[in-house]
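The structure under discussion appears below in the form of structure tokens.
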Amino acid sequence: MDACIFCLIRDGKIPAKRVYEDDQAVAFEDTNPQAPTHVLVIPRKHVSSLNELEPADEALVGHLFSVGRKIAQERGIHGTGWRAVINTNRDAGQTVFHIHLHVLGGRSMRWPPG
């Protein structure tokens, strides 16, 4: 596997503005924010996309969403609304092939996205 930028961030080899971490996940500010709050939540385990998830990963994915909820609460956007997005493969907008949850909020979101 080529060097994964999110694995390098996870390992502290590339700096990032971390906002949360535990034994399963790391969350950091997106460097190209699409909303006033735009945080990426990644699992410590490298999984390229949702298509590569295994049954044993179900709790891990649920944990990413729990971390997203904590971040939304800390940022004060949980009451007004926030979006949780996981893009899967290029046509959906995935550019880094390490699953990651986008936590977006702080502005009105439109539908449909993209």
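The values are calculated or read from the model by the stated rules, or taken from the named source; none is laboratory data. Quantities reported herein were computed from a predicted structural model and do not represent experimental measurements. Each accessible area value is taken on the protein alone, full model and side chains, heavy atoms only, with ligands, DNA and RNA left out. Shrake-Rupley method; radii C 1.70, N 1.55, O 1.52, S 1.80 Å.
Values computed for the structure shown
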quantity	calculated
Distant-in-sequence amide H partners of VAL19 (H built 1.01 Å from N, under 5 Å)	ALA27, PHE28, GLU29
Value at 222 nm in deg cm²/dmol, rounded to 500, when DSSP H runs of n ≥ 4 in the chain each add -39,500 (n - 2.57)	-6500 deg cm²/dmol
Segment 69-114: translational diffusion in µm²/s, Stokes-Einstein, Kirkwood Rh over Cα pairs, 25 °C, 0.890 mPa s	209 µm²/s
Acute angle (nearest 10 degrees) that the helix 58-75 long axis makes with the longest principal axis of the chain, alpha-carbon atoms	40 degrees
Correct choice for semi-axes √(5λ) of the Cα gyration tensor in Å that was computed from the model, options (i) 53, 22, 10; (ii) 21, 16, 15; (iii) 29, 16, 12	(ii)
Contact order normalised by residue count of the chain, Cα under 8 Å, 6+ apart, percent	29 percent
Accessible surface of the chain [probe 1.4 Å, protein heavy atoms]: carbon and sulfur percent	50 percent
